[in-house]
Each structure stands twice: as structure tokens, then as C-alpha cells.
Amino acid sequence: MAYKQQPSFTLAFVAAALILLAGQVTARREIIEVKGRGVTDPILEAKLIDMLEETERTKDKVPVLGNSEMVKYCDNAYGMSIGNLKKALGMLQRGIKSPQGFKELKAIVLEVMKAYEECDHVFAENAKPSPFGISNTKLKSLGTKCKQYAEEDAKQN
């Protein structure tokens, strides 16, 4: 007769406890004080850097895609977005002194996300698929995370 092995209750409990603790660790983000200059958020900074680098990679595709007005529009939108993301990163790296600073950072991220959306819209108006669609989807997702982090940080600060 075969012996059926059943997981012990203790093992199941320990596994569940570890999963819950892991969730709490990843959910807890802390903003860090920059000596005498305000606060910064290393996770938000990392997401902004990811967003900046992905925007730069996307802009690098422009010369390969031709010289249409739609491509030129997107090239300009990405150039503007790169400048805005660098501004947001600079604010965060220097330290933000008030909730208003995080709100300003959030506004910059929203402006950048709008540029990505408008780039896709220009192609849609002309009934053409955007060659930037996949990149813009990723960028908007990163932007949504940055916006959420900035909102949380504004409440904590």
C-alpha cells in the first residue's frame, strides 16, 4: 500500500507567513532626507532613470523611420520629454522640500506621458500604426508608476 505524503500544517503556515512578509517589504517605500536640502525617493529616482533611458532609446529609432511629419512630431515630443525627465531627476536628486515639489514632479511626469500619447495619436489620425507603440506603452506604464510614487511621497512629506 502506497503511503500518501501530505504537507504539514506548520510548513504551509510558514510559507504563507513568508509570502505575506515579502509583500509588506516590497510595499514599504521610504523617502530619504538629503542633508539640509529636503527629501528624495530612490525607487522613484530609479523609475525616472528607466523612463529617461527608454525615451532616449526610442528617440534613437527616429532616424531609421524616415522624415514624415508624424515621425518629426514624435522626435520633437521625445526630445521635449527627455528634457523634462532630466529636470524631474534633477529636482529629486537635489532634494524636494515640500509636498508641492512632489506635485510639480508629478505634473512633469504627466506632461511627458501626454507627449507619448500624442505621438501615438498622430499616427492614429492618419490611420497608420505607430512604430513607437510598443515603446510608448512601456513608457506610459513607467510614467504611471512614477506618478503614483510622487503622489505617495507628497502625502508622506
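Worth pointing out:
- Exceeding the 28 Å Cα-Cα cut-off - candidates Lys47/Lys128; Lys103/Lys128; Lys86/Lys114; Lys61/Lys140: Lys47/Lys128; Lys103/Lys128
- For the range 97-110, backbone phi angles converted through the Karplus equation (6.51, -1.76, 1.60; θ = phi - 60°) give residue-by-residue couplings of 8, 8, x, 4, x, 5, 5, 5, 4, 4, 4, 5, 4, 4 Hz, Gly and Pro being listed as x.
- Rounded to whole Hz, the Karplus (6.51, -1.76, 1.60) HN-Hα couplings of the range 119-129, x for glycine and proline: 4, 5, 5, 4, 5, 4, 4, 9, 6, 10, x
- Accessible area of Met113 in the full protein assembly, 1.4 Å probe (Å², nearest 10): 30
- Rounded to the nearest 20, the Cβ-based charge dipole of the range 97-157 about its Cα centre (Lys and Arg +1, Asp and Glu -1) stands at 180 debye.
- Going by accessible surface with a 1.4 Å probe and the largest first, Thr40, Thr144 read Thr144, Thr40.
- Leading residue at positive end of dipole, the range 42-156 (Cβ point charges), from Cys146, Val122, Leu92: Leu92
- 5 Å binning of all Cα-Cα separations within the range 42-156, expressed as whole percents from 0 upward: 2, 13, 25, 23, 15, 10, 7, 4, 1, 0
The values are calculated or read from the model by the stated rules, or taken from the named source; none is laboratory data. Here the structure is a predicted model, which means the values were calculated and not measured. Glycine also receives a Cβ, built like all others from the backbone with ideal geometry; neighbour counts cover every protein chain displayed. Only protein heavy atoms, including side chains, enter the accessible area calculation; ligands, DNA and RNA are left aside. Shrake-Rupley method; radii C 1.70, N 1.55, O 1.52, S 1.80 Å.
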